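Visitor: Got a structure for you, questions after.
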Amino acid sequence: MRQADAHRSPDPAPEYRRPADWPEVDLVDTDVHITPPSIEALFPYLPQRWRDYVRESGVRSLESDLYPPGSPLSAIPGSVPAHGGPPGSDPDLLRTQLLDPWGTTVAVTNCVYGVDGIHNPDWAVAMARAVNDWQRAEWLCEPRLRGSIVVAGQDPERAAAEVERLGGLDEFVQVLMPVRSRTPLGQRHYWPIYEAAERHGLALGVHAGGAGGNPMSPVGSPSYYLEEYVLLAQAFQAQLISLVSEGVLVRFPELRVVLIEGGFSWLPPLMWRFDKNWKGLRREIPWVDRLPSEIIRESVRFTAQPLDAPADARRLLQVVEQLGSDRMLLFSTDYPHRQFDDPACSAPHGLAGDALVGFLGRNALDVYRLDEE
């Protein structure tokens with residue numbers, strides 16, 4: 001099966017629109033996926049050496065495999081460009097299918113490309129730079145879009161240099177790293193990346209996916225895609241514990257971390273357990289000078305999709321209340337993935353007033369410092 005056929009959806013595109021009962025406020029979508037239509041689309045942004053390297057090695061794509069093309073979760077109908085290519089690879093389709101009908105004020109784009117899975121660090125650095133230059137030239141010219149800087153975490157010093165290269169540009173609002181990493185993201189060899197992000201007022205986005213080489217499960221590699229997908233929540237929990245315990249959010253107090261596409265219903269019990277055990281073991285990590293839950297509420301934000309909503313919607317609202325803060329949740333569609341296919345379920349049912357206004361846009365305007373533009 002050809003790659004274009006594998007992505008093709010047989011159904012016509014339904015009409016997606018912003019729910020009519022939402023307040024007329026700035027709508028900030030914090031997770032919109034973009035991807036190169038092909039690896040050759042990056043060639044204009046790669047030095048000749050690396051173009052030759054890609055051709056000679058036979059690499060066809062570094063597209064993320066988090067959503068296999070044939071999976072029902074992968075893409076909404078109509079999101080495949082008419083001229084072929086993967087979903088999320090056509091700026092015009094993004095405008096007509098998402099930005100215009102939703103009346104989106106700002107959409108934060110995430111290019112979850114497989115740079116982190118490259119073992120050659122020189123090639124990884126070159127590919128990260130090419131992806132960033134490609135999205136700046138071909139996507140971020142749309143005034144409603146803001147981008148995420150892709151970095152090669154294999155080489156934190158050069159990843160920090162990439163943040164320095166682009167961090168002063170208004171088009172970029174965060175640094176993007178995958179949740180599946182080679183080592184926990186709190187560890188100190190990553191700190192040059194965080195220092196550069198904080199200096200430029202950028203958020204750190206930790207997104208579902210990645211090819212760090214570690215099994216998703218702490219007890220070994222699972223057998224099925226369903227297991228991998230469900231276990232993503234554990235990866236986010238592990239990274240959150242690492243970022244707090246290693247002192248990242250104390251050492252870089254102005255850094256905001258956004259956990260993207262990992263859910264949030266698991267967070268209240270995790271904070272309770274974290275606080276309880278910190279009280280007995282705090283001498284091990286003396287730099288964590290207050291309850292972990294306080295640090296998380298201050299510095300960490302969560303995109304809402306995929307929204308893990310139980311049949312009784314009131315229970316999800318109870319989880320939101322247990323977070324202890326109206327600032328922690330960010331609206332997202334996860335376009336073009338299937339989480340986007342029911343606009344009425346894009347917000348926790350029953351969220352209202354200032355909490356809903358914050359969720360739809362104000363929280364994201366703050367965390368991405370968009371209200372300063």
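Visitor: Just checking, which of 305, 339 is under 22 Å from the mean Cα position of the chain (by Cα), assigned to a helix (DSSP H, G or I), under 30 Å from residue 96 (Cα atoms) and not acidic (Asp, Glu)?
Guide: So the residue among 305, 339 that is under 22 Å from the mean Cα position of the chain (by Cα), assigned to a helix (DSSP H, G or I), under 30 Å from residue 96 (Cα atoms) and not acidic (Asp, Glu) is 339.
Visitor: On to the next question. Which of the residues that make up segment 42-96 are among the polar types (S, T, N, Q) and free of Cβ contacts under 8 Å to residues at least 24 places away in the same chain?
Guide: 48, 57, 96
Visitor: Mind checking which helices (runs of 4 or more DSSP H) fall wholly inside segment 203-300 and carry at least 3 residues that are over 18 Å from the mean Cα position of the chain (by Cα), of a type outside the set (Val, Ile, Thr) and modelled with pLDDT of 95 or more?
Guide: By residue number, 267-281, 292-299.
Visitor: Looking at segment 350-368, which of its residues are surrounded by 15 or more Cβ atoms within 10 Å (Cβ to Cβ) and part of a loop (DSSP other than H, G, I, E, B)?
Guide: 351, 368
Visitor: Failed condition for residue 141, given (1) surrounded by fewer than 23 Cβ atoms within 10 Å (Cβ to Cβ); (2) in a helix (DSSP H, G or I), with all others met?
Guide: Every listed condition holds for residue 141 apart from (2).
Visitor: Which members of segment 22-39 meet the condition of being surrounded by 14 or more Cβ atoms within 10 Å (Cβ to Cβ) and either without any contact (Cβ under 8 Å) to a residue 40 or more places away in the chain or touching a Cys at 6+ places or on another chain (Cβ under 7 Å) (or both)?
Guide: Within segment 22-39, 34, 35, 39 meet the criteria.
Visitor: Within the group 61, 74, 79, which residue is of a type in the set (S, T, N, Q), assigned to a loop (DSSP other than H, G, I, E, B) and crowded, with 21+ Cβ neighbours inside 10 Å?
Guide: Just a single option satisfies the conditions, and that option is 79.
Visitor: Give the residue, chosen from 118, 149, that is free of Cβ contacts under 8 Å to residues at least 60 places away in the same chain, out of contact with any His (no Cβ under 7 Å at 6 or more places or on another chain) and farther than 30 Å from residue 343 by Cβ.
Guide: None of the others qualify; the one that does is 118.
The values are calculated or read from the model by the stated rules, or taken from the named source; none is laboratory data. Keep in mind that this is a model prediction, so the values were computed, not measured. A quick note on method: Cβ atoms are made from the backbone with ideal geometry, for glycine too, and the neighbour counts reach across all protein chains shown.
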